[in-house]
1. Does Ile44 qualify as being closer than 24 Å to Met23 by Cα, at pLDDT 80 or above and out of contact with any His (no Cβ under 7 Å at 6 or more places or on another chain)?
2. Can you give me the number of residues within the range 52-97 that are touching a helix residue (DSSP H, G or I) at 6+ places or on another chain (Cβ under 9 Å) and either assigned to a helix (DSSP H, G or I) or small (Gly, Ala, Ser) (or both)?
3. Just the residues that are surrounded by 13 or more Cβ atoms within 10 Å (Cβ to Cβ) and at pLDDT below 80, please, taken from the range 50-89.
4. Within the range 90-115, work out how many residues are at pLDDT 85 or above and touching an Asp or Glu at 6+ places or on another chain (Cβ under 9 Å).
5. Based on what the data block shows, is Lys36 modelled with pLDDT of 85 or more and of a type in the set (D, E, K, R)?
6. Six or more apart or on different chains, Cβ atoms under 9 Å: show the pairs whose first residue is in the range 33-51 and outside any loop (DSSP other than H, G, I, E, B) and whose second is modelled with pLDDT of 80 or more and of a type in the set (Asp, Glu).
7. Name every residue in the range 98-116 that is in a loop (DSSP other than H, G, I, E, B) and in contact (Cβ under 8 Å) with a residue 24 or more places away in the chain, in order of residue number.
8. Looking at Phe57 and the list (1) under 25 Å from Gly86 (Cα atoms); (2) in contact (Cβ under 8 Å) with a residue 40 or more places away in the chain; (3) of a type in the set (Phe, Trp, Tyr); (4) out of contact with any Pro (no Cβ under 8 Å at 6 or more places or on another chain), which single condition is not satisfied?
Amino acid sequence: MLNLLLWAGILVFSLASFNYTYMIGSINRVFLGLYKAVPESSVIAYNDSGMGITPYFDMDLLKGVVAHYFEMSLPSYVGKYYLFYGSYTAKDGYTCPDHCDQIVVTFHCQIGAVGRYEKSATFTLVKSHYE
């Protein structure tokens, strides 16, 4: 009888561990999908008259695009998550309110009762060497 109870405990622990690692892997896959041109869609490279300007990230557009991406990708994995944004100048690293060429997106969520997932991604606009 004790063996049966021991094996049942091991089975429950194994299934809980599998579920936890599956959730972390899925959330990590969604976060890494952020690198697939999601922030790139918020880069402004032309002014209203069509003239080329120094590219920069539009923070309002970026926040909307990234939030929409996570809303579409994460509902089955976590119910509540937090996104934090930072905008900087790539040359000196100072914080800037607008027309920034470097951004940091930080994602944070709680997994189960004891798990926590937090990652940051930095995106920088770099001038092509071929221009």
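1. Against the criterion (closer than 24 Å to Met23 by Cα, at pLDDT 80 or above and out of contact with any His (no Cβ under 7 Å at 6 or more places or on another chain)), Ile44 does not qualify.
2. Qualifying residue count for the region: 13.
3. Selection gives Tyr77 alone.
4. Residues flagged as at pLDDT 85 or above and touching an Asp or Glu at 6+ places or on another chain (Cβ under 9 Å) within the range 90-115 amount to 4.
5. Taking the combined requirement at face value, the residue does not satisfy it.
6. Ser42/Asp58; Ser42/Asp60; Val43/Asp58; Ile44/Asp58
7. The answer is Asp98, His99, Asp101, Gly112.
8. It fails just one condition, (4).
The values are calculated or read from the model by the stated rules, or taken from the named source; none is laboratory data. Since the structure is predicted, the reported quantities are computational estimates derived from the model, not experimental observations. Methodologically, a virtual Cβ is constructed for each residue, glycine included, from the backbone with ideal geometry; neighbour enumeration extends over all protein chains shown.
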